[in-house]
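Worksheet: one structure, shown below.
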Amino acid sequence: MQTLPHLKTDGLRACQITAITNLETSLQRGKPRALAQMATGSGKTFTAITDVA
C-alpha cells in the first residue's frame, strides 16, 4: 500500500476526495482499518467503491 494509483477526481465531490485521500494516507501508514464519517447523502457508498476499485 505504499504506492497507489493517482486518484481521478472527475465526478467526485470535495468531501469524497478528502475522504479517499485521508483513507489512502491511513493505509499507507500501515493502519489496516479506517472509519469514514460522512453526512447523509454525501456519497459514502460511492466513495467506498471508488477507493476499492
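Quick notes on this one:
- Angle between the chain longest axis and helix 14-28 axis [Cα atoms, degrees, rounded to 10]: 20
- The calculated FRET efficiency for the pair Thr45 and Lys8, based on their C-beta separation and a Förster distance of 25 Å, comes to about 0.90.
- Placing +1 on the Cβ of every Lys and Arg and -1 on the Cβ of every Asp and Glu, with nothing else charged, gives the chain a dipole about its Cα centre of roughly 160 debye.
- Ratio Rg/Rh, restricted to the chain and using Cα atoms, in which Rh is the Kirkwood radius: 0.94
- Heavy atoms of Asp10: accessible area, 1.4 Å probe, square angstrom to 10: 140
- Using a probe of 1.4 Å, the accessible surface attributed to Thr18 totals some 80 Å² when neighbouring protein chains are kept in position.
The values are calculated or read from the model by the stated rules, or taken from the named source; none is laboratory data. All values reported here derive from a predicted model rather than from experimental measurement. We place every Cβ from the backbone using ideal geometry, glycine too, and count neighbours over all the protein chains shown. For accessibility, only protein heavy atoms count, side chains too; no ligands or nucleic acids. Shrake-Rupley method; radii C 1.70, N 1.55, O 1.52, S 1.80 Å.
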